[in-house]
Every structure is written in structure tokens, then in C-alpha cells.
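Report on the structure given below.
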Amino acid sequence: MLTVKIIPVLNDNYIYLLHDQHSNQTAVVDPALAEPVLDILNEQAWSLDYIFNTHHHGDHIGGNRELKKQTSCKIVAAAADSYRIPAIDIAVNHGDVLHLGEHKIDIIAMPGHTSHHIGYHFADKPWLFCGDTLFSMGCGRLFDGTAEQLWHSLQWIKSLPANTLIYCSHEYTLANGKFALSLEPNNQATQQRIAKVTALRQQSQPSLPTNLADELATNPFLREHSSELQANIALQDAQAMAIFIKLRQLKDHFIS
Ligand code: ZN
Ligand code: FE
């Protein structure tokens with residue numbers, strides 16, 4: 001059995017700690033910090049086998065060095081990020097396959113937020129660890145990737161089974177929900193999701209993982225086809241990518 005512990009750190013980051021009971025293997029996704037991860041490892045008497053990095057930003061790799069020093073874990077990251085993620089042990093490319101215990105993990109290139117961003121896909125669950133590519137009701141900002149790249153990455157996510165659980169790296173759901181509602185004020189799924197997440201956040205519970213079905217129903221960056229959304233940004237019947245680019249620009253300047 002594979003379990004996921006959600007560790008909230010910094011302002012709004014999540015570190016995900018994966019443990020396979022059968023093999024006793026453990027991996028951590030995007031450790032912004034080492035200490036909260038080491039605390040749980042100690043408490044559970046788990047050793048750390050892998051760090052899975054999605055991209056090079058400090059709030060995703062900040063704990064790498066200390067975790068490797070304390071646990072001798074192996075750092076997995078995109079080969080193309082070798083120049084900006086120190087001490088990679090397993091440099092991966094799109095299409096590579098890893099295993100945690102007997103669980104197969106596909107490495108998926110998902111550029112856009114950064115040029116070499118990758119995701120970790122557990123097709124047998126199904127789970128996706130997508131870093132800062134998709135957020136619940138939102139998507140990552142553009143740093144050194146392009147809007148076109150991000151759009152293609154999101155198209156791949158859209159093609160997954162609707163029951164895929166999506167583990168994003170930030171708790172941005174409510175802020176994203178305000179933007180989503182400004183575009184589709186009549187979207188009942190969005191209204192309901194905001195109500196549900198508001199209740200969760202009041203109890204300091206994470207709104208993640210999300211699932212693809214909910215995102216398809218509420219996330220404006222997956223909803224270029226929505227006529228209400230198109231009318232609200234005055235881009236009726238434009239191409240999906242053009243609508244996406246406009247949405248990404250509007251979100252950058254959206255004041256909630
Ligand atoms: Zn980032
Ligand atoms: Fe981030």
C-alpha cells in the first residue's frame with residue numbers, strides 16, 4: 001500500500017511524503033524544507049530513499065541538501081535542470097520510468113511554469129504530482145517557460161482519467177476560485193467547490209489533492225470552451241490557446 005502524507009510548509013507550500021508499506025520505500029516530492037520531513041521520518045522510523053523534484057525553484061528544492069546529508073537519499077530531477085538543481089543522482093527525461101516499491105512512476109515533461117518542469121505520474125493509482133503546473137482552479141505562472149508550453153502541458157493533464165488525484169505544490173485554491181468565479185459567475189460547480197474549500201480551510205485542512213473531474217468542471221485554464229468565460233473576456237470562438245494566453249495574462253493582474 002502506498003500512502004501520502006501532506007506536509008504544509010512556508011506560506012502555502014505542500015511537501016508530499018510517499019511511503020510504500022510493502023517495500024518500506026519512501027520518497028518525498030519537492031521538499032521546500034528538510035526539518036518537517038526529517039521529523040516525520042523519525043517519528044515513523046522510515047528511511048528516505050528518494051527526493052522527487054518537479055523543478056528548480058527554491059520552494060521545491062530548499063530541503064534537498066540537508067535531506068541528502070541526513071539520509072543519503074537519491075535526488076531525482078530533470079536531466080535538463082542539472083545546471084540549476086545541485087547534486088542530482090538520477091537525471092530523468094520525459095518517458096523515463098521509476099519505481100517506488102512495485103508502483104510504476106512515469107516521468108512526464110510539463111514545461112510552462114519553468115522550461116524543464118516535470119511531473120510524476122502513478123498511472124496505477126491514478127495520481128499525478130504536478131508541482132506548479134496545475135493548481136486547483138488555476139495554473140502556474142510563467143517563469144522561464146512559455147504560455148504555449150504550459151497550454152500543451154495542461155492538455156496532457158486533461159487527457160488523464162477523470163478520477164486522477166492531482167497533488168499540486170501550493171494551497172492557492174481559494175484565491176484561484178475568486179478568479180474562476182469572476183470569469184464564470186454562474187458556474188455551479190465552481191460555487192460549490194469554493195464553499196467546500198472555504199469550510200476545509202476554516203479547519204486548516206488542505207484543499208488538495210484535487211481531482212481531474214473537479215478541475216475540468218471549475219478550472220478556467222481547462223475551460224476555454226465555456227461560452228460564459230469566452231463572453232466575459234470578449235474572445236468568443238477564439239482558438240483555445242489564444243483564450244488560454246489571455247486568461248494567463250488576466251490572472252497575472254487579477255486583484256482578488
Ligand atoms: Zn515554482
Ligand atoms: Fe512553487
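Read the figures in this text as sums done on the coordinates, not as results from a lab. If you're wondering where the values come from, they're calculated on a predicted model, not measured in any experiment. We place every Cβ from the backbone using ideal geometry, glycine too, and count neighbours over all the protein chains shown.
Got at least one residue in region 128-138 being more than 14 Å from ligand 1 (Cβ to nearest atom), in contact (Cβ under 8 Å) with a residue 12 or more places away in the chain, among the β-branched types (V, I, T) and assigned to a loop (DSSP other than H, G, I, E, B)?
So far as region 128-138 goes, no, none of its residues is more than 14 Å from ligand 1 (Cβ to nearest atom), in contact (Cβ under 8 Å) with a residue 12 or more places away in the chain, among the β-branched types (V, I, T) and assigned to a loop (DSSP other than H, G, I, E, B).
Regarding region 53-60, can at least one residue be identified that is more than 16 Å from ligand 2 (Cβ to nearest atom) and touching a residue at least 60 places away in the same chain (Cβ under 8 Å)?
The answer is no; no qualifying residue exists.
I166 passes all but one of (1) among the hydrophobic types (A, V, I, L, M, F, W, C); (2) away from ligand 2 (no atom under 16 Å from the Cβ); (3) touching a Leu at 6+ places or on another chain (Cβ under 9 Å); which number fails?
(2)
Hey, any hits in region 118-127 for a residue that's surrounded by 22 or more Cβ atoms within 10 Å (Cβ to Cβ), within 11 Å of ligand 1 (Cβ to nearest atom) and either in contact (Cβ under 8 Å) with a residue 12 or more places away in the chain or within 20 Å of S82 (Cβ to Cβ) (or both)?
So far as region 118-127 goes, no, none of its residues is surrounded by 22 or more Cβ atoms within 10 Å (Cβ to Cβ), within 11 Å of ligand 1 (Cβ to nearest atom) and either in contact (Cβ under 8 Å) with a residue 12 or more places away in the chain or within 20 Å of S82 (Cβ to Cβ) (or both).
Would you be able to tell me the number of residues in region 141-183 that are more than 16 Å from ligand 1 (Cβ to nearest atom), in contact (Cβ under 8 Å) with a residue 40 or more places away in the chain and in a loop (DSSP other than H, G, I, E, B)?
Matching residues across region 141-183 total 5.
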